[in-house]
Amino acid sequence: FLRVTYPFGSHTQTRKNNPSPKTPPPRGGGVAMDPSSAGAGGNSLPSVGPDGQKRRVCYFYDSEVGNYYYGQGHPMKPHRIRMTHSLLAQYGLLDQMQVLRPNPARDRDLCRFHADDYISFLRSVTPETQQDQIRALKRFNVGEDCPVFDGLYSFCQTYAGASVGGAVKLNHGLDIAINWSGGLHHAKKCEASGFCYVNDIVLAILELLKHHQRVLYVDIDIHHGDGVEEAFYTTDRVMTVSFHKFGDYFPGTGDVRDIGHSKGKYYSLNVPLDDGIDDESYQSLFKPIMAKVMEVFQPGAVVLQCGADSLSGDRLGCFNLSIRGHAECVKYMRSFNVPLLLLGGGGYTIRNVARCWCYETGVALGQELEDKMPVNEYYEYFGPDYTLHVAPSNMENKNTRYELDNIRTKLLDNLSKLRHAPSVQFQERPPDTEFPEPDEDEEDQDERHDDHDSDMELDYHTPLEDSARRSTIQGTRVKRESAGAETKDQQDGSRVTGEHRGSEPMAEDISPSKQAHQVDANAMAVDEPGNVKTESGSSTKLPDPPAIYQKP
């Protein structure tokens with residue numbers, strides 16, 4: 001990996017050597033604190049005790065990731081990653097972390113989970129050639145909410161390489177690894193789904209399993225983490241826990257009764273929620289459930305998908321969480337002192353996505369950030385208040401106390417049926433994933449790194465604005481949202497090059513097919529899978545106007 005450092009407070013570049021982070025007091029194994037002692041607010045971070053201990057944190061970022069463009073009217077904006085990075089720089093957080101540029105994942109890395117022909121298709125398809133591959137587009141569910149755009153395969157290699165790289169760093173002693181470009185939890189073995197092409201989460205978990213007997217996956221995106229759950233549905237080495245909107249909502253899976261199969265029975269936990277859930281209601285489920293999970297499962301590492309579409313005011317979401325309430329989940333999982341991989345995910349009001357992931361980076365570092373936002377490259381996006389936090393709305397919370405109590409009781413009962421900390425039969429450990437050294441002869445002179453500790457040129461681009469809104473699911477109720485006049489992206493091919501203001505048309509409605517795929521047993525190096533869990537749904541044709549998006 002190339003470690004790089006960035007300037008703070010200005011756009012000028014200063015090259016310097018960045019020494020390795022100092023080693024903090026040793027981390028204890030397993031659960032290091034009483035879960036009930038974690039704070040309930042998230043407003044401030046303790047400076048003493050286990051949760052106040054400094055963590056060794058690494059952060060993966062590629063300056064090119066903000067250039068990828070799903071297309072006009074599409075709600076997924078990779079540019080939100082650059083906005084987040086800009087905030088991290090201005091808050092002075094980058095100098096507190098080991099900053100790494102990810103090495104792109106190779107074909108063989110991606111094929112540890114995904115089918116060879118699917119990866120070959122992603123590598124070869126381009127916007128110019130896609131019309132010649134209609135059957136393949138349909139087979140792999142690419143072309144609508146998962147469009148073909150310029151640089152698609154490089155985009156997949158970048159975000160997947162960062163997540164796998166984070167897992168490698170955790171396997172070698174770091175405490176927390178962060179990849180806000182990752183967390184694309186809907187991708188399946190042989191198909192794209194819900195704006196996700198390659199499932200970087202599954203790949204990272206497979207890497208963690210080389211060093212850890214058990215890995216816990218926690219998903220706080222508003223959408224069910226179906227791709228990850230399906231991949232590990234029949235093993236007891238990976239527990240998946242997903243908190244999500246359920247009922248008439250994409251992807252339509254994640255019922256509380258979906259609990260896993262064969263050896264994986266009771267190792268899949270689903271927390272189905274309704275519209276308008278607030279911080280207090282959310283934490284009334286999250287903390288007791290996760291405390292019991294940590295007690296019973298005792299994972300060697302935790303992967304937390306921090307999808308920001310569960311925030312209040314998300315263009316495609318319907319929850320009412322504050323940034324502090326969302327970050328309380330990060331703070332709580334951090335308090336267990338277990339190696340932690342933080343990933344991005346959904347999030348479609350991009351100014352709030354950047355706010356959230358910046359604040360949660362501060363939580364990972366044990367830093368409370370000032371609410372008044374420093375002047376930054378995207379300062380105009382955060383008006384009129386120019387603050388890090390935004391107030392939740394007054395929307396109705398449809399989650400009654402009775403329903404929440406029933407869900408909590410049911411899941412805690414399921415957890416009580418598990419034997420504590422399942423063991424793994426001794427076997428030879430697969431080699432760690434190694435990335436090749438870059439060939440300097442093939443590198444662009446402007447992007448070449450002279451040594452291992454060299455700086456990396458930041459490629460700032462003009463801000464993008466949120467675009468069209470998308471809603472809902474296949475085979476269920478449609479949630480309509482109309483688009484207003486917004487800033488749209490100027491497109492050069494399919495890469496972002498500048499700023500253009502005006503109204504952005506909505507994309508046509510879409511209804512991709514769904515097919516579940518389970519991770520290959522040999523690729524996983526875990527247990528022999530039993531029956532493969534499948535799911536299907538019918539397409540829903542949406543009326544015009546207005547045209548809307550379907551959500552991943």
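Can we say Pro251 is assigned to a strand (DSSP E or B), open to solvent by 10 Å² or more (accessible area, probe 1.4 Å) and either of a type outside the set (Phe, Trp, Tyr) or in contact with a strand residue (DSSP E or B) (Cβ under 7 Å, 6 or more places away or on another chain) (or both)?
So Pro251 does not fit the description; no.
Give just the number: which of (1) of a type outside the set (Ser, Thr, Tyr); (2) open to solvent by 60 Å² or more (accessible area, probe 1.4 Å); (3) more than 20 Å from the chain's Cα centre (by Cα); (4) modelled with pLDDT of 95 or more does Ala391 not satisfy?
(4)
Sort out which residues of segment 69-83 are in contact with a Ser or Thr (Cβ under 8 Å, 6 or more places away or on another chain) and outside any loop (DSSP other than H, G, I, E, B), and write them in order of number.
Scanning segment 69-83 gives Ile81, Arg82.
Please go through segment 278-289 and pick out each residue that is open to solvent by 10 Å² or more (accessible area, probe 1.4 Å), assigned to a helix (DSSP H, G or I) and more than 23 Å from Arg237 (Cα to Cα).
Result: Asp279, Glu280, Ser281, Gln283, Ser284.
Residues Asn43, Asn103: which one is under 28 Å from Asn171 (Cα atoms), among the polar types (S, T, N, Q) and either in a loop (DSSP other than H, G, I, E, B) or modelled with pLDDT under 95 (or both)?
Criteria check complete, one pass: Asn103.
Being acidic (Asp, Glu) and part of a loop (DSSP other than H, G, I, E, B) is the filter here; which residues of segment 51-68 pass it? First the steps, then the outcome.
So the first thing to find is which residues in segment 51-68 are acidic (Asp, Glu), and the list is 51, 62, 64.
Scanning segment 51-68 gives Asp62, Glu64.
Condition (residue is of a type in the set (D, E, K, R) and closer than 25 Å to Val99 by Cβ) applied to segment 396-413: is it met by at least one residue?
no
Would you confirm whether or not segment 126-135 contains a residue that is of a type in the set (A, V, I, L, M) and surrounded by fewer than 18 Cβ atoms within 10 Å (Cβ to Cβ)? Don't jump to the end; show me each part of the working.
First pass over segment 126-135, keeping only residues of a type in the set (A, V, I, L, M): 134.
Within this subset, residues satisfying the condition of being surrounded by fewer than 18 Cβ atoms within 10 Å (Cβ to Cβ) are 134.
There is at least one residue in segment 126-135 that is of a type in the set (A, V, I, L, M) and surrounded by fewer than 18 Cβ atoms within 10 Å (Cβ to Cβ).
Which of the residues that make up segment 194-235 are more than 16 Å from the chain's Cα centre (by Cα), assigned to a loop (DSSP other than H, G, I, E, B) and surrounded by 24 or more Cβ atoms within 10 Å (Cβ to Cβ)?
Leu209, Phe232, Tyr233, Thr234, Thr235
If you scan segment 290-316, which residues turn out to be open to solvent by less than 10 Å² (accessible area, probe 1.4 Å) and either assigned to a loop (DSSP other than H, G, I, E, B) or at pLDDT below 95 (or both)?
Once the filter is applied, which keeps residues that are open to solvent by less than 10 Å² (accessible area, probe 1.4 Å) and either assigned to a loop (DSSP other than H, G, I, E, B) or at pLDDT below 95 (or both), segment 290-316 yields Pro299, Cys306, Gly307, Leu316.
Only one of these is free of Cβ contacts under 8 Å to residues at least 40 places away in the same chain, on the phi < 0 side of the Ramachandran plot and outside any helix (DSSP H, G or I): Asn399, Asn406, Asn394, Asn376. Name it.
Details: Asn399 fails: free of Cβ contacts under 8 Å to residues at least 40 places away in the same chain; Asn406 fails: outside any helix (DSSP H, G or I); Asn376 fails: free of Cβ contacts under 8 Å to residues at least 40 places away in the same chain.
Going through Asn399, Asn406, Asn394, Asn376 in turn, just one is free of Cβ contacts under 8 Å to residues at least 40 places away in the same chain, on the phi < 0 side of the Ramachandran plot and outside any helix (DSSP H, G or I): Asn394.
So, in segment 84-100, of the ones that are in contact with a Pro (Cβ under 9 Å, 6 or more places away or on another chain) and in a loop (DSSP other than H, G, I, E, B), which residue ends up surrounded by the most Cβ atoms within 10 Å (Cβ to Cβ)?
Only one residue fits best here, namely Met97.
Could you say whether any residue in segment 153-173 is among the aromatic types (Phe, Trp, Tyr), open to solvent by 20 Å² or more (accessible area, probe 1.4 Å) and on the phi < 0 side of the Ramachandran plot?
yes
Quick check on my filter: what residues within segment 125-156 are part of a helix (DSSP H, G or I) and within 20 Å of the chain's Cα centre (by Cα)?
Leu152, Tyr153, Ser154, Phe155, Cys156
How about segment 254-263: which of its residues are more than 22 Å from Tyr282 (Cα to Cα) and either touching an Asp or Glu at 6+ places or on another chain (Cβ under 6 Å) or part of a loop (DSSP other than H, G, I, E, B) (or both)?
Within segment 254-263, Gly260, His261, Lys263 qualify.
Residues in segment 356-368: is at least one outside any helix (DSSP H, G or I), open to solvent by less than 20 Å² (accessible area, probe 1.4 Å), in contact with a helix residue (DSSP H, G or I) (Cβ under 8 Å, 6 or more places away or on another chain) and at pLDDT 95 or above?
Checked against the condition, which is being outside any helix (DSSP H, G or I), open to solvent by less than 20 Å² (accessible area, probe 1.4 Å), in contact with a helix residue (DSSP H, G or I) (Cβ under 8 Å, 6 or more places away or on another chain) and at pLDDT 95 or above, segment 356-368 yields no hits at all.
The values are calculated or read from the model by the stated rules, or taken from the named source; none is laboratory data. Only a predicted model underlies this, so the values are computations on that prediction, with no experimental measurement involved. Please note: Cβ atoms are built from the backbone with ideal geometry, for glycine as well, and neighbour counts cover all protein chains shown. These accessible areas exclude ligands, DNA and RNA; they are computed on the full protein's heavy atoms, side chains included. Shrake-Rupley method; radii C 1.70, N 1.55, O 1.52, S 1.80 Å.
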